[in-house]
Amino acid sequence: MSLKTPGPDPILVIDDEADLRELLDISIRRMGHDVVLAGSLAEARAQLAARRYSLVLTDMRLGDGQGIDIVRQLSSAPERVPVAVITAYGSADNAVEALKAGAFDYIAKPVSLDQLRSLILNALGRQQRDPAEGGDGSEGGEGGAAAGTADRAFNLLPGHSAAMHEVRRSLSRLARSMAPIVISGESGSGKERAARAIHAISTRASHPFVAVNCGAIPETLMESEFFGYVKGAFTGADAERGGFFQAAHGGTLLLDEVADLPLAMQVKLLRVLQERRVRKIGASREENVDVRVLCASHKDLAAMVAAGQFRQDLFYRLNVLALRMPTLRERREDLPVLAGAILEHLAVRYGDRHPKRLSTAAQQRLAEYPFPGNVRELENLLERAYAFAEGDAIEVDDL
């Protein structure tokens, strides 16, 4: 006699509008999920006390309270059930408030079924897994998945220092959300690598990661590069082309050196973040985009806002979650681990069976150096030394 495997936990929908509850109920069931409905805050709390849910979707304004109370309740619970909110059209402040309180994501009224589907897929981690990670589910449940996540995070951000332990500890929390993140830190401290780590351990890992250096794009080309264009939109537009947002659809878009965006482009970016739609140059209609936006900057964005060099509303919209990358000076004990990883990578590039090693004197010299260029400077320095070293050991003179 075989036992039937229980299905996934249902999705709890909380809304005091009967018509919207019915629409969401029908739409989510068509996606193959069971649904439980609640028409008030009190009813929602009773449902939450009665059983487990795979996802909670709540309106921000309920007849007997605020949906953000549900967000705070679930965000502080050990089960970490993902919760998303429904906001009124144009209520960007409410959406940001919910994200800061711990909401996974938000969707605006009138509800787009395409966006609803993307939200559910991202929340439940049902997207196709990266084949390189082994899509057969053989990691061994939550313990195996957690171990795999930790391994991937360490490979991308190695180091045993307290500072790097804290960074990696933050990664799983940051990866669970859809909220924008501002990654700060000095040049060369590993901000893009941190963004790649967040993407790699998120449910978006099997979709594109697109990194854009905002300071390297001429202002006249920014709109077409970000949003794309249709054929004939301008001289030289011989074929339709997507932009960065279309290229990152379903995945993650990193805006590196976001402080370098001109003010006119900041306005357009803010609108995309709020509406989650883009319009190609020359197009007559907008298209939905499912993209998580991460930003990196070595500049103080808050100071730039105070100086009128960066839009306050965009900063408020981007700075929902934050991650600071420590300097190499703050994690000197990680130098041997970082140097070893870099030398192994160089050995593969040069076709050496065994990587060259640092002599004791060279290790001491590195430990004394302040590294104003952080990890990037260490990488460049070791690459030059690897090429100059004549033996199996890298000496001080090679550095």
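Please treat every number below as a calculation from the coordinates, not as lab data. The shown structure was predicted, so the numbers you read here are calculated from the model rather than taken from an experiment. Reconstructed Cβ throughout: ideal geometry from the backbone, glycine too, with neighbour counts over all protein chains shown.
Could you work out the relative contact order of the range 11-124, using alpha carbon pairs under 8 angstrom and six or more residues apart, expressed as a whole percent?
The normalised contact order for the range 11-124 reaches 22 percent.
For residue 109 paired with residue 17, estimate the spin-label separation in nm (one decimal), with each label point 7 Å from Cα along the Cα-to-Cβ line.
0.3 nm
So for 343, 263, fewest C-beta neighbours within 10 Å to most, what's the order?
263, 343
Cα-based Rg (one decimal) and Dmax (whole number) for the range 149-324, in Å?
Computed over the Cα atoms of the range 149-324, radius of gyration and Dmax are 16.7, 55 Å.
Counting helices only, and only those DSSP H runs with n ≥ 4, report the 222 nm mean residue ellipticity of the chain as the sum of -39,500 (n - 2.57) divided by its residues, in deg cm²/dmol to the nearest 500.
Rounded to the nearest 500, it is -13000 deg cm²/dmol.
Could you calculate the contour length gain from residue 350 to residue 287, that is, 0.36 nm times the residue separation minus the distance between their Cα atoms, to one decimal place in nm?
18.1 nm
Using the number of other C-beta atoms within 10 angstrom as an exposure proxy, rank 360, 220, 58 with the fewest first.
By the 10 Å Cβ count, ascending: 220, 360, 58.
On C-alpha positions alone, give me the angle between the axis of helix 374-388 and the longest principal axis of the chain, in degrees, nearest 10.
Its long axis makes an angle of about 40 degrees.
Can you list residues whose amide H is under 5 Å from residue 324's amide H, if they're 5+ apart or on another chain and H is modeled 1.01 Å from N?
Result for residue 324 returns 184.
Taking H as built 1.01 Å from N, whose amide H comes closer than 5 Å to the amide H of residue 34, not counting residues under 5 places away?
For residue 34, the qualifying residues are 11.
Quote the Stokes-Einstein diffusion coefficient, in whole µm² s⁻¹, for the range 328-398, based on the Kirkwood radius over alpha carbon pairs, a temperature of 4 °C and a viscosity of 1.567 mPa s.
D, rounded to a whole number, is 107 µm²/s.
Does anyone have the angle between helix 113-124 and the longest principal axis of the chain? Alpha-carbon axes, 0 to 90°, nearest 10?
60 degrees
Tell me which lysines have Cα within less than 26 Å of residue 231's Cα, excluding those fewer than 8 residues away on the same chain?
Within the straight-line cut-off, residue 231 pairs with 268, 280.
Treating the chain as a set of equal point scatterers at the Cα positions, no solvent, please give the Debye-formula log₁₀ I(q)/I(0) at q = 0.07, 0.10, 0.11, 0.12 Å⁻¹.
-0.40, -0.78, -0.91, -1.05
Give the aspartates and glutamates reachable from residue 356 as a straight Cα distance under 13 Å; neighbours fewer than 8 places away on the same chain don't count.
Within the straight-line cut-off, residue 356 pairs with 344, 383, 390, 392, 395, 398.
How much length is gained on full extension from residue 31 to residue 275, taking 0.36 nm per residue of separation minus their Cα-Cα distance?
Computed gain between residue 31 and residue 275 is 85.5 nm.
Arranged by the count of other C-beta atoms within 10 angstrom, fewest first, what order do 357, 384 take?
Placing the least packed residue first, the sequence is 384, 357.
If contacts are Cα pairs under 8 angstrom and at least 6 residues apart, what is the relative contact order of the chain in percent?
Taking the mean separation of contacting Cα pairs over the length of the chain, I get 13 percent.
Near residue 299, which aspartates and glutamates are there with a Cα under 20 Å away, not counting those fewer than 8 places off in the same chain?
Cross-link targets: 186, 192, 219, 256, 257, 260, 313, 330, 377.
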